[in-house]
Amino acid sequence: MSIAVVSDIHGNRQAFEAVLEAIEEAGCEQVWCLGDLVGYGAEPDACVELAERHVAVCLAGNHDLGVIGAIDLAEFSSTARRAAEWTRDTIDPRTARYLSPLEPSDERHAVGLYHASPRDPVWEYVLSPLQAELCFEVQASRVGLVGHSHVALAFWRVDGELATGHTRTDGDELEVGAGHWLINPGSVGQPRDGDPRAAWLELDLDGWKVRFHRVEYDVDGAIVAIRRARLPDSLADRLRFGQ
Ligand code: ZN
């Protein structure tokens, strides 16, 4: 089965629509989402509606959990907290109903799914080989998928060696049929790896291959929506730079 993996959509409808279009063109059979449909961006209801229509498996991210009141917003940075409060006050009850039952991890599939990490599915940013090494110790499946850092990357470990890995870009392909892997597709709605294009990942569960994708989208439209909602300016500006 071919799976499209998305993460960290963050209320960016323009980016999510562009990614879903690319996924449809690629002919993937299912879309899986690693969480954070909302927070930061100006169109949380539209993003959750798209998820309802297109996403087969969906995790909760820390922003989703903050918005529905499952975790305390005091743990967020001030900008993230302001955006989460705005989202909480703005969303349709239907959006809250979709988000409420979601969990930050799901180990019922051929690969482990975690919003942040296998050790701490809500908060840990996996950005170093040492962290990946520690995650492999508790990861239930050979291959794990994580979001949260908004950086497209892959770590792997061959038996008897230390974990290694680095960031990944559009068109990068990996054979993941052997060894341990921890892979982040990057962010749909707020990339932070210097590439402003929306990110997603194609996962072939039969051939054990993955391919990283980046898609151009209407960044200006997303920026206008953020300014119109009077969300913090920095949330609009960073989209242009992918930071
Ligand atoms: Zn996020």
Practice task
Give the relative contact order (percent, whole number) for the range 1-110; include only Cα pairs under 8 Å separated by 6+ residues.
Solution key: 27 percent
Exercise for the section: Report the FRET efficiency, 1/(1 + (r/R0)^6), for Val158 and Arg230, where r is their Cβ-Cβ distance and R0 is 35 Å, rounded to 0.05. Expected result: 0.10
Handout entry: the range 180-243-the range 1-57 distance, computed between alpha-carbon centres (Å)
Key = 11 Å
Fill in the blank from the handout: Ordering 68-77, 177-186 by per-residue average of other C-beta atoms within 10 angstrom, highest first, gives 177-186, 68-77
Practice task
List, in order, the whole-Hz ³J(HN,Hα) value for each residue of the range 67-74 obtained from phi through the Karplus relation with A = 6.51, B = -1.76, C = 1.60 and θ = phi - 60°; use x for Gly and Pro.
Solution key: 5, 8, x, 7, 10, 6, 5, 4
Completion exercise
Percent relative contact order for the range 55-203, counting Cα pairs under 8 Å at least six residues apart, stands at 18 percent
Completion exercise
the range 99-243 accessible area per residue, 1.4 Å probe, protein heavy atoms, integer Å², reads 44 Å²
Problem - Estimated vicinal HN-Hα couplings, Hz - the range 220-235 in sequence order (Karplus 6.51, -1.76, 1.60; Gly, Pro = x) - result: 4, x, 5, 5, 4, 5, 5, 5, 5, 7, 6, 6, x, 3, 4, 5
Practice task
Can you pull the one-decimal nm distance between simple spin-label points at Leu130 and Asp92, each 7 Å off the Cα toward Cβ?
Solution key: 4.7 nm
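The values are calculated or read from the model by the stated rules, or taken from the named source; none is laboratory data. From a predicted model like this one, the values you see are computed outputs, not experimental measurements. Positions of Cβ are generated from backbone atoms using ideal geometry, with glycine treated the same way; all protein chains shown enter the neighbour counts. The accessibility values were calculated without ligands, DNA or RNA, using every heavy atom of the protein model including side chains. Shrake-Rupley method; radii C 1.70, N 1.55, O 1.52, S 1.80 Å.
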